[in-house]
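Structure record follows, encoded as structure tokens.
Here, each number is a calculation from the coordinates, and none is a lab measurement. All of these numbers come straight from a predicted model, not from anything done at the bench. Neighbour counts run over all protein chains shown; Cβ positions are idealised from the backbone, glycine included.
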Amino acid sequence: MPDLSQYCNDRLQALEAQHARRHLRAVPPGLVSFASNDYFGLSTHPVVVEAARAAMADGAGAGASRLVTGNHAHFAPLEAKLAAIHRQPSALVFGSGYLANLGTITALMGPGDLILADKLVHACMIDGAQLSGATLKRFRHNDVLHAEALLTEYRGQYDKVLIATEHVFSMDGDRAPIAALEKLAMKYDCWLMVDDAHGLHDEPDVPVDIWMGTLSKAAGSYGGYIAASQPVIDYLLTAARSFVFSTGLPPAACAAALAALSIAEAEPERRARPVQLARRVTQALGLTEAQSAIIPIILGSSEAALAASEALKRHGMLAVAIRPPTVPPGTARLRLTFSANHTDAQVDALIAALKHEGIGA
Ligand SMILES: *Cc1c(COP(=O)(O)O)cnc(C)c1O
């Protein structure tokens, strides 16, 4: 057995050699951020912050799992709102989006089942699939024909099949063909699960079996959830281990999320602005038109992506380099995200900086 610290040092050195070591850094102050997932600019909205503050009167923490004594009064209205947004009968709030995906997939799928996932789905869907013991197969990104080819070949060998995708892809900003995947699920007798972490509001009117989402991005707070039929929700709150064996969210997190969702609902211009700003940038740089608030500028190597991020810093802007293993090898990128709070001038300055540095042009 190696010494524990020595073992970790050796592993870190190997990662460093691959430019894959990660560091926690303080967010540099004074930079205009094009790196946050706070798309509607609600995490700092005074009404949202005040809702969190007021809910603190009910305690700073939930004190226990929701199945014990942690099911405080701030869950029910939030879950009703989430169910309505997704046109589902019911919803269940988990500790985080990661926990929602992990707990749901492991509760529903097991050995003898097949999970057919888009090549680019988030790590927590993959982790859930692996933990479930089901067979995992990947279809090429957004390629419905490839998904169908896999179903034609393999459907008969498995009991239950879950098709898993994202609504808006976190590192690419493009959208899944959800209606076509739902048709496929019907045709081949599969369930469809959609991770909506980067969507929320203005959902496609498609009868998806399981919507998953987070309260930590556009909803400006923290937590995750599933929206589905009542039996699915009732089963998950009994069988999803990441729900059962984990403490409920604090009142403030729930109250803040509910306030944020209500503001987003009431202000369609706030919901539309991030994509409009992203489109302004893709148009100015001659990139493929943005389909969401996320633009990837693919640069290839990790070094190139890091250099681009450093160059923007010199212009007073924060944009993160996204590297393997978060994205496939050879597709390291600058990931730009837009918020309803960005001013037109800030976005024009970003365009000028990108052009000046020759990034993405
Ligand atoms: C962020 C993210 C998650 C995890 O949500 P958290 O609430 O941050 O745990 C899941 N899926 C996707 C696609 C994400 O981007």
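Extension gain for GLU16 to ALA304 (0.36 nm times residue separation, less C-alpha to C-alpha distance): 102.1 nm. Spacing of the modelled spin labels on GLU50 and THR247, each 7 Å from Cα toward Cβ, amounts to 2.9 nm. How much FRET efficiency would the formula 1/(1 + (r/R0)^6) give for ALA57 and ARG25, where r is the Cβ-Cβ distance and R0 is 56 Å, rounded to 0.05? It comes to 0.95. Beta-bridge orientation, the chain: approximately 50 percent antiparallel, per DSSP, counting only bridges with both partners inside.
For the range 203-361, the fraction of C-alpha pairs more than 21 angstrom apart is 60%. Our estimate of slack between THR69 and ALA179, defined as 0.36 nm per intervening residue step minus the Cα-Cα distance, is 35.6 nm. Taking 10 °C and 1.306 mPa s as conditions, the range 27-136 diffuses translationally at an estimated 92 µm²/s according to Stokes-Einstein applied to its Kirkwood radius (Cα pairs). Taking a point 7 Å from the Cα of ASP127 along the Cα-to-Cβ direction, none of the residues of the range 1-25 has its backbone N closer than 13 Å to it.
I need the peptides 20-27, 142-149 ranked by packing, meaning the mean over residues of other C-beta atoms within 10 angstrom, with the highest value on top.
142-149, 20-27
When you work out D = kT/(6 pi eta Rh) for the range 127-218 at 4 °C and 1.567 mPa s, using the Kirkwood radius from C-alpha pairs as Rh and the Stokes-Einstein form, the result is 93 µm²/s.
Cross-link reach is defined here as a Cα-Cα straight distance under 12 Å, omitting same-chain residues fewer than 8 places apart; for LYS160 the aspartates and glutamates meeting it are ASP113, ASP189.
When Rg and the Kirkwood radius Rh are both evaluated on Cα atoms of the range 275-361, their ratio Rg/Rh stands at 0.94. For the chain, the orientation-averaged shadow of the C-alpha convex hull comes to 19.9 nm² (one quarter of the hull surface). Per residue, the convex hull spanned by the Cα atoms of the range 315-359 amounts to 80 cubic angstrom.
Based on the Stokes-Einstein relation at 37 °C and a viscosity of 0.692 mPa s, and on the Kirkwood radius from alpha carbon pairs, the range 71-199 is assigned a translational diffusion coefficient of 215 µm²/s. Each peptide in 150-158, 177-185, 248-256 receives the mean, over its residues, of other Cβ atoms within 10 Å, and ordering these scores from highest gives 248-256, 177-185, 150-158. Computed extension length for HIS315-ALA239: 22.3 nm, one decimal, from 0.36 nm per residue of separation with the Cα-Cα distance subtracted. The phi-based Karplus calculation (6.51 cos²θ - 1.76 cosθ + 1.60; θ = phi - 60°) puts the 3J(HN,Hα) values of the range 86-92 at 9, 6, 10, x, 7, 8, 9 Hz, whole numbers, x for Gly and Pro. The packing ranking of peptides 311-321, 224-234, highest mean first, is 224-234, 311-321, where packing means the average number of other beta carbon atoms within 10 angstrom of each residue.
If you take all other residues with their beta carbon under 10 Å from the beta carbon of ILE163, and give Lys and Arg +1 and Asp and Glu -1, the sum is -3.
Just the C-alpha atoms of the range 87-144: what Rg/Rh do they give, with Rh taken as the Kirkwood radius? Radius of gyration relative to Kirkwood radius: 1.00.
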